[in-house]
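A.B. asks: Shown below is the structure under consideration.
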Amino acid sequence: QVRLVESGGGMVEPGGSLRLSCVVSGTSFIFDYMAWYREVPGKERELVANIFRSGTTNYGDSVKGRFTISRDSLWLTLWLQMNNLKSEDTAVYYCKAGLDTRNYWGQGTQVTVSS
């Protein structure tokens with residue numbers, strides 16, 4: 001079965017940096033896209049960034065200029081480099097992969113930005 005496993009979350013001070021990774025296993029697929037989402041209690045899961053097969057990327061307005069999404073050429077690992085972190089970035093971050101009509105999700109990793 002396809003598995004996506006996030007890692008790299010933790011606690012960081014405001015203004016700090018953190019890099020998340022998502023490792024894919026159980027498939028030889030090259031996905032149509034991969035993405036990072038985040039979720040906080042009481043709010044809907046929101047898109048942070050995505051990257052398509054073409055290399056095109058998109059970012060949520062709140063993270064533009066601070067976060068960078070990237071992947072390896074075989075779609076085995078997805079990264080999210082987060083710089084200049086703010087308290088409002090605190091959330092559980094989820095990795096997602098899409099292929100045709102199929103969606104795959106990781107279990108999430110907690111990011112906490114606090115002094």
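A.B. asks: Search segment 21-32 for residues that are more than 7 Å from TRP75 (Cβ to Cβ) and of a type in the set (A, V, I, L, M) and pair each with any residue that is open to solvent by 60 Å² or more (accessible area, probe 1.4 Å) and not in a loop (DSSP other than H, G, I, E, B) when their beta-carbon atoms are under 9 Å apart and the residues are at least 6 apart or on different chains.
C.D. replies: VAL23/ARG3; VAL23/VAL5
A.B. asks: Here is a follow-up. If a residue must be under 21 Å from THR112 (Cα atoms), in a loop (DSSP other than H, G, I, E, B) and of a type in the set (Gly, Ala, Ser), how many such residues does segment 1-31 contain?
C.D. replies: 5
For every residue, the table says whether it meets (1) at pLDDT below 95; (2) closer than 12 Å to LEU80 by Cβ; (3) loosely packed, with under 13 Cβ neighbours inside 10 Å; (4) touching a His at 6+ places or on another chain (Cβ under 8 Å).
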residue: VAL12; (1), (2), (3), (4): no, no, no, no
residue: GLY15; (1), (2), (3), (4): no, no, yes, no
residue: SER21; (1), (2), (3), (4): no, yes, no, no
residue: SER28; (1), (2), (3), (4): yes, no, yes, no
residue: TYR33; (1), (2), (3), (4): no, no, no, no
residue: VAL40; (1), (2), (3), (4): no, no, no, no
residue: GLU44; (1), (2), (3), (4): no, no, yes, no
residue: ASN50; (1), (2), (3), (4): no, yes, no, no
residue: SER54; (1), (2), (3), (4): yes, no, yes, no
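A.B. asks: Being among the small types (Gly, Ala, Ser) and either assigned to a loop (DSSP other than H, G, I, E, B) or open to solvent by 70 Å² or more (accessible area, probe 1.4 Å) (or both) is the filter here, so list the residues in segment 88-102 that pass it.
C.D. replies: Quick first cut of segment 88-102, residues among the small types (Gly, Ala, Ser) only: 91, 97-98.
Across segment 88-102, there are no qualifying residues.
A.B. asks: Restricting attention to strands (runs of 3 or more DSSP E) lying wholly within segment 38-83, give those where 3 or more residues are under 18 Å from SER21 (Cβ atoms). Steps first, answer last, please.
C.D. replies: Numbers: elements: 46-52, 57-59, 67-71, 77-82.
It comes to 46-52, 67-71, 77-82.
A.B. asks: Still on this structure, I have one more. Being modelled with pLDDT of 95 or more, over 11 Å from the mean Cα position of the chain (by Cα) and within 21 Å of SER25 (Cβ to Cβ) narrows it down to one residue among GLY65, GLY60, GLY98; which is it? Reasoning before the result, please.
C.D. replies: Values: GLY65 fails: within 21 Å of SER25 (Cβ to Cβ); GLY60 fails: within 21 Å of SER25 (Cβ to Cβ).
Checking each option against the conditions leaves just GLY98.
The values are calculated or read from the model by the stated rules, or taken from the named source; none is laboratory data. Just so it is clear, the structure is predicted and the values come from calculations on it, not from any experiment. So basically every Cβ, Gly included, is an ideal-geometry build from the backbone, and we count neighbours across all protein chains shown. The protein model used for the area step is the full one, side chains on, heavy atoms only, and it has no ligands, DNA or RNA in it. Shrake-Rupley method; radii C 1.70, N 1.55, O 1.52, S 1.80 Å.
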